[in-house]
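See structure below.
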Amino acid sequence: MLKTAPRRLHSHVCGAWRAGDGEGKPLLDAATGAIVAHIGADGIDRAAALGFAREVGGPALRRLTLHERALMLKEIGLRLMEMKEEFYLENFRTGATRKDGWIDIDGGIGTMLTFASRARREFPNAKIIPEGPVEPLSKDDTFSAQHVLSPRLGVAVHINAFNFPVWGMLEKIAPSLIAGMPCLVKPASQTAYLTELVVRRMLEMEVLPEGALQFLCGSAGDLLDHVEEQDVVTFTGSAATGRKLKVHPQIVENAVPFTMEADSLNCSILGPDAGPDTPEFDLFVREAVREMTVKAGQKCTAIRRLIVPEAHADAASEAISDRLARTTVGLPEDEAVRMGALVSRGDRDGVRERIAELRREAEIVAGDPEGVSLVSGDPEQGAFMSPVLLRCASPLIAKAVHDVEAFGPVATLMAYSEAEEAVTLARMGRGSLCSSLFTNEASVAQEIVTGMAPFHGRVLIGSRTSAKSSTGHGSPLAPLVHGGPGRAGGGEEMGGMRGVKHFMMRTAVQGAPHLLTAVTGQWSDGAETRDDVHPFRKSLAELRLGDQIVTEARTITEEDVEHFAHFTGDTFYAHMDEEAAKANPFFEGRVAHGYLIASFAAGLFVSPEPGPVLANYGVDNLRFLTPVYFGDTLQVRLTCKEINPREGADHGEVRWDCRVTNQHGEVVAQYDVLTMVAKTWP
């Protein structure tokens, strides 16, 4: 049992740690009832904190490139990993076991590291992001347009839930900071002591610029009264609270982007093919019990509705009940314990009230909401309760089971007669963060998933094939969107680099190509070019956008095509059989291989001697646009399109616009060549 003196939690605003006025509200250990800390933000100037972020933190972040911001997060993430044992000890006070804490602590840090890595792979090392292709708006290449993403000039205000005090913060601030927006984090009070500890350790590293990360520990107070049009607000919590915040006068007046991730009645469906003798049935049962007991069921992605075929309803009820009966409940640091406490006794009482509402339409088949058998701990002091499984006999006419969420270790089982009915039941939740289907039948997956998808942010298909590799029903992943429609809030988080773009402004920029290039850092047709020295002889220090070579021409012969076909094994009829090629609606006769064209193009534009170009690592957007026949003459125009230096390395990536034309000036192939180029040479 952990025993330390209660501490006064502080906010970090305007460059300093500050305690609120007064003693603050006591926060209790979820498992023992002991006072962990006191919290309060009375007297904290929230308007000044937002101003500090806009005037100090934002400009400091925007002076850095996306890669530099990402590298800061990488450093922070790696150092947090080294000190995570301190966080795990504090995690026990929230009622969570070590396994529960892994999702929050390792999962949160891992999410930050994923964003840091992917940002450096997928974004340019620049301060704005060109998005999509250049759109030519004139026939003579004098007027074009491109979308760009630039950082908003405000603050990302993150109002977080109690159940994931680490992950909930890190998954939000990572994309915000990479985008160039300073953050103000307002954690839920119940578990703010763990969030505060992590923030303290992050700020002690002195990696982030001053004002990039601020922390409000206590009531939000008048925080939203001071948001402006360049700010972004995200909220994770109850749907009722989220709806109130969403219509705050300042948010409405200033059209402040508001992302809401709310509680939802997530479901899991057992496919009609998944009887008790199948691996999918066992997977469904295990997942149901896991989702009910991990974090004591206090997860926004936990399964609340278990939808099973009528023929297997009794078997599913018995199997789940049996596993729940073997679930050990007690002190979270006890290694014999599988399920710890809810976050507070107040939360436990609220769950009991919701169960009472559910019992109007369903009966309890496993567990006692009023009593609990513990292997350790005091049931009077800790927020312990037994996991409870209910069963609803008439789910199509019931309302509470699709509307009332008992935010704890509670789920309701209900039966369906056919797949269409299962989809109907899933939709009755009116929008959820996630759902799952357990089946090994492709037709079942097709029918049910396509029926559920419009109502869910994420759908997991569980089967024997992915049993060992699947991350499970309730695990949000950094590359995938997290959020859902309707009751779930209609918001979207993460989704890989999509998540970064939520904190940037998309702007269409129009103008002459050379001016667009100056803004976007990408060359396009009509912009200036330079042909003084072969561009492959230039290091990054010498290379400029628009550096170009127009090659000599090469005539394609029948012998070239014959040799390439037999050498590579590509003897496709369109290259080898004149009559068959003529019968093809696209060709007038035998044609050269597309990859022969690309290979010959490289032979024309490459400078073969050792030099600053270190490697070719691929091509993007390769298209063969015009057939090449025997006797056609090919020429290449290669232009430096984008230069992307790598931070901390002696090389960078260069993207080249490669255009191959024939003797009539027709484009026969178009693509981007990707190379690694030394920053200096020799």
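Remark: Asp632 falls outside the filter, which requires a residue to be surrounded by fewer than 17 Cβ atoms within 10 Å (Cβ to Cβ) and either closer than 30 Å to Ala126 by Cβ or of a type in the set (Asp, Glu) (or both). When Gly457 is tested against (1) modelled with pLDDT of 95 or more; (2) more than 22 Å from Ala296 (Cα to Cα); (3) part of a strand (DSSP E or B), just one condition goes unmet, and that condition is (1).
Residue count for the range 635-663 satisfying the condition of being surrounded by fewer than 20 Cβ atoms within 10 Å (Cβ to Cβ) and aliphatic (A, V, I, L, M): 1.
Say whether the condition of being part of a loop (DSSP other than H, G, I, E, B), hydroxyl-bearing (Ser, Thr, Tyr) and more than 29 Å from the chain's Cα centre (by Cα) is met by at least one residue in the range 290-303. So that I can check it myself, show each step before the final result.
So in the range 290-303, the residues part of a loop (DSSP other than H, G, I, E, B) come out as 298-303.
Keeping just the survivors that are hydroxyl-bearing (Ser, Thr, Tyr) gives 301.
Cutting the leftovers down to more than 29 Å from the chain's Cα centre (by Cα) gives us none.
Within the range 290-303, none of the residues are part of a loop (DSSP other than H, G, I, E, B), hydroxyl-bearing (Ser, Thr, Tyr) and more than 29 Å from the chain's Cα centre (by Cα).
Taken as a whole, the structure leaves Val207 outside the set of residues that are crowded, with 24+ Cβ neighbours inside 10 Å, outside any helix (DSSP H, G or I) and modelled with pLDDT of 95 or more. Return yes when Asp100 is farther than 29 Å from Ala508 by Cα and either at pLDDT 95 or above or of a type outside the set (Ser, Thr, Tyr) (or both) and no when it is not. It is true that Asp100 is farther than 29 Å from Ala508 by Cα and either at pLDDT 95 or above or of a type outside the set (Ser, Thr, Tyr) (or both). Look at Asp222 and say whether it is farther than 22 Å from Glu82 by Cα, touching a residue at least 24 places away in the same chain (Cβ under 8 Å), surrounded by fewer than 24 Cβ atoms within 10 Å (Cβ to Cβ) and out of contact with any Leu (no Cβ under 6 Å at 6 or more places or on another chain). So Asp222 passes the test. Of the conditions (1) in a loop (DSSP other than H, G, I, E, B); (2) under 16 Å from Ala415 (Cβ atoms), Leu306 fails just one. Which one is it? Leu306 satisfies every listed condition except (1). In the range 534-552, the qualifying residues are those that are among the hydrophobic types (A, V, I, L, M, F, W, C) and surrounded by 13 or more Cβ atoms within 10 Å (Cβ to Cβ), and the one that is farthest from the chain's Cα centre (by Cα) is Val550.
Elements of the type helices (runs of 4 or more DSSP H) sitting completely within the range 1-88 and holding at least 1 residues that are under 24 Å from the mean Cα position of the chain (by Cα) and either modelled with pLDDT of 95 or more or not β-branched (Val, Ile, Thr) (or both): these cover 58-62, 66-82.
Of Gly484, Gly490, all but one fail to be assigned to a loop (DSSP other than H, G, I, E, B), small (Gly, Ala, Ser), surrounded by 20 or more Cβ atoms within 10 Å (Cβ to Cβ) and touching a residue at least 40 places away in the same chain (Cβ under 8 Å); the exception is Gly484. Of all residues in the range 324-337, one or more are surrounded by fewer than 18 Cβ atoms within 10 Å (Cβ to Cβ) and not in a loop (DSSP other than H, G, I, E, B). Scanning the range 554-601 for residues being in contact (Cβ under 8 Å) with a residue 60 or more places away in the chain and either surrounded by 12 or more Cβ atoms within 10 Å (Cβ to Cβ) or among the small types (Gly, Ala, Ser) (or both) gives a total of 9.
If we scan the range 231-242, do we find a residue that is part of a loop (DSSP other than H, G, I, E, B), within 25 Å of the chain's Cα centre (by Cα) and farther than 30 Å from Phe384 by Cα? Yes; the residues of the range 231-242 include at least one that is part of a loop (DSSP other than H, G, I, E, B), within 25 Å of the chain's Cα centre (by Cα) and farther than 30 Å from Phe384 by Cα.
Condition check for Thr571 on (1) part of a helix (DSSP H, G or I); (2) over 29 Å from Met676 (Cβ atoms): one failure, at (1). Does any residue of the range 428-438 turn out to be surrounded by fewer than 23 Cβ atoms within 10 Å (Cβ to Cβ), more than 19 Å from Gly491 (Cβ to Cβ) and within 19 Å of the chain's Cα centre (by Cα)? No: zero hits. Screening Gly665, Gly652, Gly648 for residues that are out of contact with any Cys (no Cβ under 7 Å at 6 or more places or on another chain), assigned by TED's automatic domain parsing to the domain that holds Ala601 and either of a type in the set (S, T, N, Q) or over 19 Å from Glu68 (Cα atoms) (or both) leaves exactly one candidate, Gly665. Remark: Pro409 falls outside the filter, which requires a residue to be under 29 Å from Ala240 (Cα atoms) and exposed (fewer than 15 other Cβ atoms within 10 Å of the Cβ).
Of all the listed residues (Asp273, Asp282), the sole one being more than 26 Å from the chain's Cα centre (by Cα), charged (D, E, K, R) and assigned to a loop (DSSP other than H, G, I, E, B) is Asp273. From the residues in the range 272-301 that are buried (at least 21 other Cβ atoms within 10 Å of the Cβ) and among the small types (Gly, Ala, Ser), which one is nearest to Gly330 (Cα to Cα)? The qualifying residue nearest to Gly330 (Cα to Cα) is Ala296.
The values are calculated or read from the model by the stated rules, or taken from the named source; none is laboratory data. As the structure is a computational prediction, the values presented were derived from the model and not from experiment. No Cβ is skipped: glycine too gets one built from the backbone with ideal geometry, and neighbour counts run over all protein chains shown.
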